[in-house]
1. Just one of Met71, Met121, Met115, Met143 is of a type in the set (A, V, I, L, M, F, W, C), part of a loop (DSSP other than H, G, I, E, B), open to solvent by less than 40 Å² (accessible area, probe 1.4 Å) and over 17 Å from Asp39 (Cβ atoms); which is it?
2. Looking at Ala204, is it under 29 Å from Val83 (Cα atoms), touching a residue at least 60 places away in the same chain (Cβ under 8 Å) and in contact with a helix residue (DSSP H, G or I) (Cβ under 7 Å, 6 or more places away or on another chain)?
3. Please state which of the following conditions Gln206 fails to meet, knowing it meets all the rest: (1) touching a Pro at 6+ places or on another chain (Cβ under 8 Å); (2) open to solvent by less than 50 Å² (accessible area, probe 1.4 Å).
4. From the set of residues in the stretch 49-62 that are open to solvent by 30 Å² or more (accessible area, probe 1.4 Å) and either touching a Pro at 6+ places or on another chain (Cβ under 8 Å) or not acidic (Asp, Glu) (or both), which is nearest to Gly95 (Cα to Cα)?
5. Kindly check whether there is at least one residue in the stretch 242-249 that is under 26 Å from Thr283 (Cβ atoms) and either aromatic (Phe, Trp, Tyr) or part of a helix (DSSP H, G or I) (or both).
6. Can you name the number of the only condition in (1) open to solvent by 10 Å² or more (accessible area, probe 1.4 Å); (2) part of a loop (DSSP other than H, G, I, E, B); (3) farther than 24 Å from Thr179 by Cβ; (4) not β-branched (Val, Ile, Thr) that Ser228 fails?
7. So if I check each of Thr283, Thr292, Thr242, which one is hydroxyl-bearing (Ser, Thr, Tyr) and farther than 22 Å from Trp189 by Cα?
8. Would you mind finding the one in Arg188, Arg166, Arg192 that is in contact (Cβ under 8 Å) with a residue 60 or more places away in the chain, farther than 23 Å from Met115 by Cα, open to solvent by 30 Å² or more (accessible area, probe 1.4 Å) and in contact with an Asp or Glu (Cβ under 8 Å, 6 or more places away or on another chain)?
Amino acid sequence: MNRRVRIFAALMLATAPIGGCMAAAPSCYTKRASVVLPDRTRVLAHLSNGASGRAVAEAIFDGRVDAAQAMLARDPQLISTAVVDDPKTPQPPAGQYGDLLAIAVARCDADAVTMLFAAGMPKNGVKPGAALSLAILADSPAMAEQLLVAGASPDPQASGGESPMRGAIAFNHIGGVMTLLRHGADPRWADRFGIDPVRLAMDAEQAEIAELLVEKGGTLWSVADDGSMAAHALLEEPVIFTSPEMRAARARLIERARNAGLGWPPPDRATVKQQVARGAWPTAEMAKAGMTVAPAVQERLRAAKQ
């Protein structure tokens, strides 16, 4: 993919629908203007559990925690209330997403979150990762900490949910990345295409975040489907984020890569892809130095070679 296109795609994550507007702007989402919150009208019009689901969601939107608690006590099944996705619409309108937990997080309502967990809300939410992905972008880590301490996974994407790490990187929110890492997020978790957090950060030119991830166990040498690695991004000059701090972090990453024992500059993408497909890479020494290949990527490359 063209470098500028890749950067643009990564930055566009920041404006992807993590929601719409609410009647009253909550107090803990003021620093990142493009964070979109659950839209009351769109959410209420697309909920599961019929009129009862709409009633309990409306109570959470309004901050009527006691009323919502009473409804959930009468009908515990209402805890599953969530926006119903339309399979014919790959990208729903902004704000048409979430569950009761995400609504509470969008309102910065710690009491509602506590009540929902007591009422049986799954720790990752009915829509796994939606609430944490929103909480991690709040002005302070308080909402995310509440979810994580309660037992929410820092890696809900590992079980098919939304990735809070992806959102934190897209918004250049190093504090959010730190929060997730502190609670056990895996800096080497890779999706089925072999894209891991370090690669996401490098593609978005977030060298400071990439450096933090590497310091916490991430790698510049995770192989993607096309044979590319985060290390390859170090061969290209940054286009958008060129501050002295970013350049200094990038320089330190280059030095770290030079000393990794995998050779510098890194082999071209075609060579990496071919060697992985042949089963020659990574060797034990390469793996020890940091080269990784997601099992799904390895299987596809080897199958394509046959």
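The values are calculated or read from the model by the stated rules, or taken from the named source; none is laboratory data. Because the structure is predicted, anything quoted here is derived from the model rather than measured. Cβ sites come from the backbone with ideal geometry, for glycine too, and all protein chains shown count toward neighbours. Please note that ligands, DNA and RNA were not included when accessible areas were found on the heavy atoms of the full protein model with its side chains. Shrake-Rupley method; radii C 1.70, N 1.55, O 1.52, S 1.80 Å.
1. Details: Met71 fails: part of a loop (DSSP other than H, G, I, E, B); Met115 fails: part of a loop (DSSP other than H, G, I, E, B); Met143 fails: part of a loop (DSSP other than H, G, I, E, B).
Of the residues listed, the single one that is of a type in the set (A, V, I, L, M, F, W, C), part of a loop (DSSP other than H, G, I, E, B), open to solvent by less than 40 Å² (accessible area, probe 1.4 Å) and over 17 Å from Asp39 (Cβ atoms) is Met121.
2. No; evaluated as a whole, the condition is false for this residue.
3. Exception for Gln206: condition (1).
4. Applying the filter and picking the extreme gives Arg54.
5. Residues of the stretch 242-249 that are under 26 Å from Thr283 (Cβ atoms), as a first pass: none.
Within the stretch 242-249 (the criterion being under 26 Å from Thr283 (Cβ atoms) and either aromatic (Phe, Trp, Tyr) or part of a helix (DSSP H, G or I) (or both)), the answer is no, since none of the residues qualifies.
6. Failed condition: (1).
7. Details: Thr283 fails: farther than 22 Å from Trp189 by Cα; Thr292 fails: farther than 22 Å from Trp189 by Cα.
So the residue among Thr283, Thr292, Thr242 that is hydroxyl-bearing (Ser, Thr, Tyr) and farther than 22 Å from Trp189 by Cα is Thr242.
8. Testing whether each residue is in contact (Cβ under 8 Å) with a residue 60 or more places away in the chain, farther than 23 Å from Met115 by Cα, open to solvent by 30 Å² or more (accessible area, probe 1.4 Å) and in contact with an Asp or Glu (Cβ under 8 Å, 6 or more places away or on another chain) leaves just Arg188.
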